[in-house]
Each structure stands twice: as structure tokens, then as C-alpha cells.
Amino acid sequence: MSKRFYITTAIDYVNGQPHLGHAYEKIIADVIARARRSLGQEVFFLTGLDEHGQKVQQAAQAEKKNPQEYCDALAADWQAFVKKLELTNDDFVRTTQPRHKEFVQATLAKLRAAGQFYKASYTGFYSAKEETFLTEKDRLPDGTFDASYGEVVELKEDNYYFKLGAHQPWLIDYIEANPDFIAPSYRRNEVLGFLKNNTLEDLCISRPLARLNWGIPLPFDPEFVTYVWFDALVNYASIAHAHPELGLWPADIHVIGKDIVKFHAVYWPIMLKAMELPLPKQVLVHGWWQKDGAKISKSTGNVVDPMAVINEWGLDAFRFYVLRELDIGPDGNWTDAGFRSRYQAELANGLGNLVNRSLSMLKRYRNGVVPARSNELAADAAKAADETRALFKQSQLQSALQSIWGLVNRANKYVDETAPFKLAKDPAQAQRLDEVLYNLAESCRVLAVLLNPFLPGTSAKIYAQLGLTSTPDKLADATWGGLQAGHAIGEPAPLFPRKDV
Ligand code: MSP
């Protein structure tokens, strides 16, 4: 039996409510997970929360709560969010769970015993906001540090360091030998450029209790907690370890945003190598959303509230827009007008209209009974299915939607060309009308199968309206000819109601 396909998302900091960027990443991972299941693979999809570290400690302090209570309260909101997005995750990790903490400590103990760490004293300029020491390179031309670092103070402290230098050569070789390890390729080139032109500084993997106490204690020195990134990255392995019967490791895809590439494509592979674990197959890097051309920011109020959009327009409209609008890689820009326009053109007038008029005509002219098979659109459907299959394997979600809409548009055009409402008036055209109605109903069925990973609710509705009791969740069922002559369809109903705005 082949190994389970193991896909993860970044684990989000619990220092506020989920926003568009978080939702986008989770939807990407969910669609890939569903697509792989549709291809017949067994999948394990992991998402969750990053609960330690300074950001979370500060957020808890600001609300005068103890950090664990603060995390517990917010974790409930984030888990509700996962439900709202209908993510098909198989587990939900919280880094404060014992199963994770114990694995992190075991990992630290193992690496310490293997001589990967050393203790040293360091004096430098520290940004609490970014939780990082800054170097001379971070100074602006006038000698100050950028305002985005917040207050920068000089600190001297002892810490534990992870030796990275020795790992640099093999990592470069590995990335060069494995072109799919970092995708898209321009992100891979950036990482390679960085590794070839810089000497990696050793990674500080501890924080003194005096500065931060919200973290996993180092197993070999109670005066320190673990650096939040060392803790967080390990979630991918700790949760694999928590399901030993599934043989999850190595992960197939880590879906992450462009700001955290270095952690996933440099530190994490080196950590894994030191842990003597195989490397993940791919780090898949998506871009960042803006709204109306400006950074998404709670303080300026420039936000998209995914919950509000879903409540107004439906989950599938939201899932569709983010994946259709933005390919995995570049940055995107959310505009309410753009959202409405895609809803109207592609969902309501495109897919929705096709399904509604196809099934309504079948109901009206043939009493909802499927006529004999006809293959006029079979080649178009096969093309969309073949392309979708290939694109799913490449995680090319936007292209898959474009290909699927090739069939939506072809079928809508077919309605205009064949004009079944005219055929219906002429008894001599009864057989032609049968052919047209079959091609339309069967195209709707194939579309339900192809769209299932993206628009699971809509896909299920199409199957129900077709009177099918099976589920459209296997790509193999996209083969033409699934609808049988004599089958009675269900009740047509609009999939995407028109909105007057
Ligand atoms: N906790 C770390 C990740 C640890 S993974 C071992 C973290 N958390 S985060 O909450 O700040 O970000 C979580 C994910 O959301 C990241 O992949 C990040 O790139 C993504 N996004 C945050 N804002 C975003 C946008 N505006 N647009 C798209 N994705 C964005 O980093």
C-alpha cells in the first residue's frame, strides 16, 4: 500500500482572530487534500495553532489573562473557523498539547546528546515585536532600525545555539538535486541565492526565562524555554509521531506563506537532518493578500472578515474566489467589486445558470427522465477531466479551475447553439432534443465531480438535483456516461442566487 499523502498548513499564532490570509492558506491545503482523495489516495491533513512565544504571551498579558486560558479561549474560535471553512483536516494540533511538548523535549534532548547545540553569551539589539536580535545589516542608512521592528533595546544574554554552518553545503546540493522541494521555482531560486551568498548564522534555540516564560522548558536546562520557531516547526513531526500506525513521515507538502520560507526551507530541513528524519517532499509557498491595494491590517481597519463574507455569499463563493483569483505564488489583491464580479459572472451566470437551465429543461420537456446516452460533449468533458487530473497532481489549483470553466463555458455555448427551447416546440426534433438534454445533464454531473474539491457543497447539491445518491468525490467518476437512460433526476434549484447590490 502506498504511503498516506501527508499535507500540512502553517500553524497560526493565537494572538487574534483568523483573517483572509489564514483562511486562504487553509483552503489551499484543504482543496489539495480533497483533490488527492478524489484521485484515490489516502490523505492526512494537519492544521492547528502555534501557541507559545512572545507574541502570544504579550497578547495574553494585554488581556490580563494567563496564557493558557487565553489560548484555550481563542483556540475555540479557531476551531470553529476550521468548521466554517469545512476543512477536512484529520487532526488539529495545538503546541501546548502534551503530545507535542513531549516530542519537542525528546527532540531537544536527542540533538543535545548528538552535540548539535552549544551555549554562548551574546550581546545585541533586540526587537521584542519581531522576537529577534537585529544585526548591523538591519540598520537603516541613518543608523536606526525600521519602525516595523518596534522598540529595539540592547541585551546581553546566554543562550543555546544550534550549529547550522556544517549543514549549508548539503542543503544547497539537496535543493539543487530536488527541483520540486521548494515551489514555485522563483521561491526556490531565492532560497538558493540566499544560501550561496550568505554564511548561515547559528540558530538561537532558547530564550531565558527572565525574558520569556511562555514556552516549552529545555529538558537539559530549566533556566530556558524553547525558541518558538523550533517548537512550532516540530509540530509537523510530533503529530506524525502521534499517529504511528499511519506512517505519515515524511510530509508530502507543507503549505506556507512567503514570509516564512526561510524557516521551512532552511532551518526545518537542517533540523530534520540532525533528527535523522527524511525531508518533506515539498514546501509550497503562497503569496500574500492585500485589500484594495494596501496591507491587511487590524489597526487601520483594512481587513476582510472571512466569516462575514461566508455568511453573506456562502462558503463555496468564498473558496472559489480566493483560488480562482490568485494562483499559488504571487501576491493578490482583494476587492469587493472583484469578488462580486466573479460571483456574478462565473458562479451565478456561468455554473449556476448552466446547471439550472439544463435540469429545468430536462424536467419540463422530459419530465425529469434522462434520455438515451449521447456523446456530443464527451470529448470536451474528457479534456477537462484529464487536465484537472494532471493539474491536481501538480497542486495547480487556479489552472484546474480555468480548465473546469472551459467545460462550463462550452456547455453554456452548446445551449445557445442548439437552442433546446426551440427544439421543444417541434415534435420532429424530439430525438435531437433528447441528445441535447443528455449532453447537458451529463456535463453537469461531470462538473460536480471535477469541482468537488473546490466547491464541496455545490458539488453535492448538483448531485442531489440530478437525483444521484452517490457522492461525487472520486475523479474516476468524471468518465462520460455516468447518467443512465431512464434515471429520474431531482428538483432543480438555483445554486448561486443573484444578489442585487
Ligand atoms: N506561527 C507561525 C507559523 C509557524 S509554522 C510552523 C506564523 N503564524 S501567522 O499566524 O503569522 O501566519 C500563519 C500563516 O498565514 C503564514 O503562512 C502566513 O504567511 C499566512 N498569512 C498571514 N497573513 C497573510 C496574508 N495577508 N495573505 C496570505 N497569507 C498570509 O507565521
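Taking every DSSP beta bridge that has both ends in the chain, the antiparallel portion is near 55%.
Listed by chain and number, the lysines placed with their C-alpha closer than 18 angstrom to that of LYS55 are LYS64, LYS65, LYS129, LYS298; residues fewer than eight positions away on the same chain are left out. Based on C-alpha pairs under 8 angstrom that are at least 6 apart in sequence, the chain has a relative contact order of 15 percent. Each Cα pair of segment 357-444 feeds into the Kirkwood radius, which the Stokes-Einstein equation turns, at 10 °C and 1.306 mPa s, into a diffusion coefficient of 115 µm²/s.
What does the C-alpha gyration tensor say about the overall shape of segment 304-344? Classify as rounded when a/c is under 1.5, otherwise prolate if a/b is larger than b/c, or oblate.
Prolate shape, in that a/c is at least 1.5 and a/b is the bigger ratio.
With contacts defined as alpha carbon pairs under 8 Å and 6 or more residues apart, what's the relative contact order of segment 335-478 in percent?
27
When the GluC sites (Glu not before Pro) in segment 128-171 are filtered for DSSP coil states and for at most 11 other beta-carbon atoms within 10 Å of their beta-carbon, the remaining sites are GLU151.
Ranking VAL415, GLN484, PRO472 by Cα position along the charge dipole of segment 400-501, where only Lys, Arg, Asp and Glu carry charges on their C-beta atoms, puts VAL415 farthest toward the positive end.
Rolling a 1.4 Å probe over the protein heavy atoms of the chain, with every protein chain left in place, gives an accessible area that is 51 percent carbon and sulfur.
Sorting the Cα pairs of the chain by distance into bins of 10 Å, from 0 upward, gives 4, 17, 26, 23, 15, 9, 5, 2, 0, 0 percent per bin.
Think of each Lys and Arg Cβ as +1 and each Asp and Glu Cβ as -1; about the Cα centre, that makes the dipole of segment 5-286 roughly 320 debye. Taken about its Cα centre, the chain carries a charge dipole of roughly 1240 debye when the Cβ of each Lys and Arg holds +1 and the Cβ of each Asp and Glu holds -1. The packing ranking of peptides 49-62, 412-425, 77-90, highest mean first, is 49-62, 77-90, 412-425, where packing means the average number of other beta carbon atoms within 10 angstrom of each residue. Under 18 Å of direct C-alpha separation, and excluding same-chain neighbours fewer than eight residues apart, LYS101 reaches these aspartates and glutamates: ASP12, ASP50, GLU51, GLU69, ASP72, ASP91, ASP221, GLU223, ASP231.
Size of the dipole of segment 335-478 about the Cα centre, Lys and Arg at +1 and Asp and Glu at -1 on the beta carbon, nothing else charged, in debye to 20? Don't skip to the end; give the middle numbers.
Values: 18 positive and 14 negative charges, 57 e Å.
Result for segment 335-478 is approximately 280 debye, rounded to the nearest 20.
Averaging the Cα positions of each part gives two centres, and for segment 349-420 and segment 455-485 these lie 12 Å apart.
Find the accessible area per residue for the chain; the probe is 1.4 Å, ligands and nucleic acids are left out, and the unit is Å².
Numbers: 21000 Å² over 501 residues.
Ligands and nucleic acids excluded, the figure is 42 Å² per residue.
Computed from Cα atoms, the angle from the helix 98-113 axis to the main principal axis of the chain rounds to 50 degrees. A dipole drawn for segment 1-91 from +1 and -1 charges on Cβ atoms has a positive end, and of GLN58, ASN89, GLN17 the residue lying farthest that way is ASN89.
Selection among LEU233, PRO306, SER374 by position relative to the dipole of the chain gives SER374 as farthest towards the positive end (Cβ unit charges, Cα centre).
Straight Cα distances below 21 angstrom link LYS425 to the lysines LYS363, LYS413, with same-chain residues fewer than 8 positions distant left out.
Against the main long axis of the alpha-carbon atoms of the chain, helix 378-393 sits at an angle near 10°.
Between GLU245 and LYS156, the simple spin-label model (points 7 angstrom out along Cα→Cβ) gives 5.6 nm. Relative to the longest principal axis of the Cα atoms of the chain, the long axis of helix 397-418 makes an angle of roughly 10 degrees.
Could you sort out which of LYS156/LYS273; LYS156/LYS196; LYS196/LYS262 sit more than 25 Å apart by Cα distance in this structure? In this structure, LYS156/LYS273; LYS156/LYS196 exceed 25 Å between Cα atoms.
By the Stokes-Einstein formula, at 0.890 mPa s and 25 °C, segment 5-286 with its Kirkwood radius over alpha-carbon pairs has D equal to 124 µm²/s.
The values are calculated or read from the model by the stated rules, or taken from the named source; none is laboratory data. Source: prediction; values computed, not measured. When we count neighbours, we look across all protein chains shown, and the Cβ atoms used for this are built from the backbone with ideal geometry, even at glycine. Heads up: the accessible areas ignore ligands, DNA and RNA and are worked out on the full protein's heavy atoms, side chains in. Shrake-Rupley method; radii C 1.70, N 1.55, O 1.52, S 1.80 Å.
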